[in-house]
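Heads up: the structure comes next, in structure tokens.
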Amino acid sequence: MRALIVFLLLALTLPVHAEGAKPLPKDLQPLPEPPPAPAGMELDPSLEPQVTIVKRGEEKVEEYRIGGRLYMMKVTPPHGVPYYLVDYKGDGQFSRQDNLDSGVRVPQWVLMRF
């Protein structure tokens with residue numbers, strides 16, 4: 001019975017080994033360089049989040065800022081699961097999220113700042 005199982009497993013893997021043994025075509029050419037990015041699509045370093053790691057005793061807090069504005073903190077306690085404090089409205093009021101991917105969120109965009 002074991003010999004039959006081993007034989008069936010080998011028979012199933014045989015096509016995979018045979019396919020990997022195909023020779024490469026002889027007329028392969030290197031890929032051309034990608035074209036440059038369109039005008040206005042350059043990366044703006046000010047849009048990249050700045051992460052500051054602060055240790056408070058045994059607790060670690062990662063602060064995320066864009067343009068100098070704090071929008072999220074990840075708190076990692078010494079014992080337990082990390083959680084996030086997120087400022088969804090931009091008013092400085094942080095709400096706790098145990099997992100950033102939990103629930104459905106309505107898209108929110110900043111239209112004007114005064």
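Scanning the range 71-114 for residues that are of a type in the set (S, T, Y) and within 21 Å of E48 (Cα to Cα), we see that the one that is modelled with the lowest pLDDT is Y88.
Scanning the range 86-114 for residues that are within 26 Å of D44 (Cα to Cα) and in a strand (DSSP E or B) yields a total of 1. Which members of the range 14-59 meet the condition of being modelled with pLDDT of 75 or more and β-branched (V, I, T)? If the condition is that a residue be modelled with pLDDT of 75 or more and β-branched (V, I, T), then V51, T52, I53, V54 are the ones that fit.
Among the residues of the range 64-82, just one is exposed (fewer than 15 other Cβ atoms within 10 Å of the Cβ), assigned to a strand (DSSP E or B) and of a type in the set (V, I, T), namely I66.
The values are calculated or read from the model by the stated rules, or taken from the named source; none is laboratory data. Nothing here was measured: the structure is a model prediction, and the numbers come from that model. So basically every Cβ, Gly included, is an ideal-geometry build from the backbone, and we count neighbours across all protein chains shown.
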